[in-house]
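Just below is one structure, and these are the notes that go with it.
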Amino acid sequence: MKEMKAIVLAAGRGTRMRSDVPKVLHEILGKPIISHILDSIREAGITDIIVVTGYGSGLLDEKLKDVEVAVQKKLLGSGDAVSAAKGLLKGYKGDILVMCGDTPLVRSRTIKDIISKHRGSKASATILTAVFKDPTGYGRILRGAEGNILKIVEEADAPLYEKVIDEINVGTYCFKAADLFERLSEIARNNRKKEYYLTDVIEILSRNRNRIESVKTDDPDEAIGVNTRMDLARAAESLKKRVLCEIMELGVTIEDPSTTIIYPGVEVGADTVIRPNTIIESDVRIGRNCSIGPFTRIRPHVTVGDNSEVGNFVELVRTEVGDDTKIKHHTYLGDTKVGNRVNIGAGTIVANFDGKNKNKTVIEDSAFIGIGARLIAPVKIGKGATVGAGCVVPKGHNVPKGATVVGVPARILRKK
Ligand code: UD1
Ligand code: CA
């Protein structure tokens, strides 16, 4: 995208979270708030991103690998936070997207809408707004008789007749960089909070007859700002629904959405049925026509092929499962590669961790693992092999192709 940069304001501590961890590191469906925002910005096509950090800035480093970081030394408000990024934008004449670091649900599509409205109208500023049934806590959008935006007033500074306004400031804006920094130097400290409000720039622009545009989201949940643990839970609930809807639209049945949690980015093939109380975490791919759950936990880095079953009380992590394979009850598989047409008996456990390292298990095509088997990794069960019920296969004791092993420790009963 031409001449477009973004600033994300993430210096605040998030006092109302009552946490030692910076607010933007709190997770929603397995991903920190800041990463949700950065992903949306990147998906909208913006690659030049500056994140303003302050409280606990060192803790954020790992999440801020591909962005520039500006440190706000004293937390003097959102206006001051934008000023902290100024040094990194010397000579920059393009447009700039500014986002609060605590609004994780803003979609990339919405960011694109703001940018195209901003560019199409040649505005100085374009503001994302939303209409809330209960706007308490948010900045209100004040409009003139013609619908033009006059200013944004913060809750604490709003008289009663402004508090009734239900259109709120989401905290996502697009500015002409030159206009933003010119007006930013003119804002005064707010009397009550002793902070520099970014939102005060809007009033100055409007007074100077600079064009101010807005985009109103039709999904108010997109505007949720996370200030408290309750907000965090609301954001998670909303994102959860969004993800489930996207998956159902692709032809997946979710028997009980209220007890199903699927993290963003999970792929599920058509005609797969997800049964109640299932959780599927990040980086998981499930094929077509599978049955998952009830009461299944699929942790990160798992793939499941087509026509396979993963049933109740099964936990999978860093595991690849082939097609037409059944893992129906009470099983743990970690760091395991399972082939096609495999049957994993109830209660099978893979011991992938030896106290120091995570080791791999391979179960080849058409193998049959009896109930209650223990496979101590690293170990390989050959193609078509049978592991008897209750058998313990020690590490390195690979079971040859077609063989049957039984007992504790496993010994070969039959070779093919
Ligand atoms: C802000 C907006 C409000 C809007 C709401 C939307 C202002 C003055 N108000 O209010 O109009 O409706 O977001 O959620 O901007 N930050 C810094 N440095 C600071 C202060 C804040 O980086 O010194 C960052 C915070 O980390 C946060 C963001 O700016 O990500 C917003 O700050 P916050 O204190 O949450 O503002 P709100 O009161 O929610
Ligand atoms: Ca906030």
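Per-residue ellipticity at 222 nm, computed for the chain from helices alone with -39500 (n - 2.57) per DSSP H run of at least four residues, works out to -5500 deg cm²/dmol.
Over all orientations, the chain has a Cα convex hull whose mean projected area works out to 22.9 square nanometres.
Comparing Met17, Tyr161, Tyr92 along the charge dipole axis of segment 4-223, the residue lying farthest to the positive side is Tyr92, per the Cβ-charge model. Counted by Cβ distance under 14 Å from Asp134, the other residues give a net charge of -1, where Lys and Arg count +1 and Asp and Glu count -1. Evaluated with a Cβ-only charge set (Lys, Arg +1; Asp, Glu -1), segment 241-415 carries a dipole of roughly 960 debye about its Cα centre, given to the nearest 20. Counting Lys and Arg as +1 and Asp and Glu as -1 over every other residue whose Cβ lies under 13 Å from the Cβ of Thr272, the net charge comes to -3.
A DSSP coil position with no more than 16 other Cβ atoms inside 10 Å describes the following trypsin sites (Lys or Arg not before Pro) in segment 247-310: Arg288.
Here the 3J(HN,Hα) profile of segment 282-289, calculated from phi with Karplus coefficients 6.51, -1.76 and 1.60 at θ = phi - 60°, is 6, 6, 10, 10, 10, x, 8, 6 Hz, Gly and Pro shown as x. For segment 4-223, the relative contact order works out to 24 percent when only alpha carbon pairs closer than 8 Å and six or more residues apart are counted. Separation of segment 365-416 from segment 214-291 is 39 Å, based on Cα centroids. Sites listed here are trypsin sites (Lys or Arg not before Pro) in segment 64-166 whose DSSP assignment is loop and whose Cβ has at most 14 other Cβ atoms within 10 Å: Lys65, Lys73, Lys74, Lys90, Lys93, Lys122, Lys133. The phi-based Karplus calculation (6.51 cos²θ - 1.76 cosθ + 1.60; θ = phi - 60°) puts the 3J(HN,Hα) values of segment 21-37 at 8, x, 3, 5, 8, 5, 9, 10, 6, x, 9, x, 3, 4, 6, 4, 5 Hz, whole numbers, x for Gly and Pro.
Set the Förster radius R0 to 41 Å, insert the Cβ-Cβ distance between Glu62 and Ser121 as r into 1/(1 + (r/R0)^6), and round the FRET efficiency to 0.05. Rounded to the nearest 0.05, the efficiency is 0.60. Summing Cβ point charges (Lys, Arg +1; Asp, Glu -1) relative to the Cα centre of segment 327-416 gives a dipole of roughly 240 debye. Amide H contacts of Lys337: Glu320, Thr361, Val362, Ile363, each under 5 Å away and 5 or more positions distant or on a separate chain (H built 1.01 Å from N in the peptide plane; Pro and chain starts excluded).
The charge dipole of the chain, taken about its Cα centre with unit charges on the Cβ atoms of Lys, Arg (+1), Asp and Glu (-1) only, comes to about 1280 debye. When you restrict to C-alpha pairs under 8 Å that are six or more residues apart and normalise by the size of the chain, the relative contact order lands at 9 percent. Working from Cα pairs under 8 Å separated by at least six residues, relative contact order for segment 241-415 is 10 percent.
The 3J(HN,Hα) values that the Karplus relation (6.51, -1.76, 1.60; θ = phi - 60°) gives for segment 324-336 are, in residue order, 6, 10, 10, 10, 8, 8, 6, 10, 10, 10, x, 6, 10 Hz. Gly and Pro appear as x.
Where a number appears in this text, it was derived from the coordinates with a stated rule and is not lab data. Since the structure is predicted, the reported quantities are computational estimates derived from the model, not experimental observations. Note that each Cβ is placed from the backbone with ideal geometry, even for glycine, and that neighbours are counted across all protein chains shown.
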